Each structure stands twice: as C-alpha cells, then as structure tokens.
1. Can you tell me which residue is least open to solvent (accessible area, probe 1.4 Å) among those in segment 30-51 that are under 17 Å from L95 (Cβ atoms) and β-branched (V, I, T)?
2. Taking A54, is it hydrophobic (A, V, I, L, M, F, W, C), in contact with a Gly (Cβ under 9 Å, 6 or more places away or on another chain) and either closer than 23 Å to I162 by Cβ or surrounded by 14 or more Cβ atoms within 10 Å (Cβ to Cβ) (or both)?
3. How about segment 156-185: which of its residues are of a type in the set (G, A, S) and open to solvent by less than 30 Å² (accessible area, probe 1.4 Å)?
4. Output the residues belonging to segment 1-29 that are among the charged types (D, E, K, R), under 18 Å from G175 (Cα atoms) and loosely packed, with under 15 Cβ neighbours inside 10 Å.
5. Take segment 86-112 and flag every residue that is open to solvent by 30 Å² or more (accessible area, probe 1.4 Å) and β-branched (V, I, T).
Amino acid sequence: MRWWLPLVGAAYLAALLALDRYASYRGQLALGVLTWVVLAVALAGVPVERRAQALAVVLFATVGEVTGSLIWGVYTYRLHNLPLFVPPAHGLVYLTGLALATALARHGRRLVAVAAVAAASWGLLGLAVLPRRDVAGAVGVPLLLLFLWRGRNRAIYAGVFIVVASLELYGTAIGTWRWAPELPGLGIPDGNPPSGVASGYVWFDVMALLTAPAALAFFRRRASRTPREAERPLQSTTPA
C-alpha cells in the first residue's frame, strides 16, 4: 500500500460526515449507496484475506451499532436512525487504519506508543480535567492498552485507534452523532465522545482477525468440492 492511501480514506470519511450534517433521509440513502460502492472499489484492491477481514468488521460493527445505538441508546445519530452509510464506513475505517499501519510499517513501535500514550492521556483527562466526566470511557482504555501491548496485530490496532479517535472527535463536534451523558440504565458518566470508544472498535477488529481466516477457509473448501462433485458419474438406480 502507498503512503497516500490512509489520507484518501480519512478524507473520504471526513467528507462523508460533513455531508451527512445537511442530509435528509433520502440524502443519507444516497450517501449509503455511494459508500457501499467506495467500499467495493477499495476491497477490489486488497488481498482476499483483507477483504474477508474488512467484511467481518462490517458485520460485527453493525451488530454493535444496532445494540449500542438503536437498542441501548448509548449514542444517537442526528436523525435518530442508523444511517445506511455507517456499516460500509466501518469497513473503510478498518482499511484506512490498516493502510496507515502499513505505510508506517518501519515505525510500528512508535505508532503503537503514540496510540497508547494518547489513549491513556485521554482517559485520565476525562476523569480529572475535561468538563464532562468520562468514567465509562476510562473503563475501556485498559482494554485498548492490553490490545496494544499483547495483541498480535498491535500496529493495526494502533492505526485503527488513531482513525477512530479522529473521526469520533470530528463527528461529535459537528453533530453527526452524540453520546448520552450517562450509560442508560447504569448511570455511569460518559464522555462525548468517550475516551475508550476506540477499544470497542478494536474489539471488532480482533473478532474479525480471528474469524475471517476460518470463514475464508470454509468457503474455499466449499468451492473446491463443487467441481469435484460435478465430475462424479451419476450412480444408476436401476437394478442390474
């Protein structure tokens, strides 16, 4: 991957959120169709393993969106719905974070260190300095730090954290979505955005990286069996 790919991904995602600020339901539908097309084009340029991972992220993240936004109400989008562009945008976020980690492969340790320091600092600021107390977000920071310390794909997690943190700060600043002051039903203070939000997103990546190879192997086995079964001669059912 080339150095400019993460810039292109980040620019598209930022423009998408800016356009949604003025979009109606029909406008969101158009943005959704466009974003699915952009994701399809982006997937065409990566190896099949990465395609499977990105699609798995879309799946897990969509389940998280439905649960966290529509059911639990931890955060709400501007029109109180789940915009059609959100699921494919999760795939683009993963590919952008991956592109960033690949572009900075020689500086992987520094990238991880920057992400860890930023996450820890954000969590502490949310507890002691920021005007809106962020206890719920701070709870998620240790999980993110654990991924960055012990995970096999630390650089990818760090790249995704940087992309997600930037988009969260931008998206909440322009009003694309907002986080509830407290976790509904629990009363735990939450930031807007919470400092630990990226840990949840990295968890989607962890699940995708774990399940995508198995899913890919399953479909490959199914594809390889089909031609062989087609070549088998039909057994006669007529008695000899």
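The values are calculated or read from the model by the stated rules, or taken from the named source; none is laboratory data. For clarity, every value in this text was computed on a predicted model and none was experimentally measured. Note: ideal-geometry Cβ built from the backbone for every residue, glycine included; neighbour counts use all protein chains shown. Just so you know, the surface numbers come from the protein's heavy atoms only, side chains and all, with ligands and any DNA or RNA stripped out. Shrake-Rupley method; radii C 1.70, N 1.55, O 1.52, S 1.80 Å.
1. T35
2. Yes; evaluated as a whole, the condition is true for this residue.
3. Within segment 156-185, A158, G159, A165, G171, A180 qualify.
4. Of everything in segment 1-29, just one residue is among the charged types (D, E, K, R), under 18 Å from G175 (Cα atoms) and loosely packed, with under 15 Cβ neighbours inside 10 Å, namely R21.
5. Passing the criteria: only T102.
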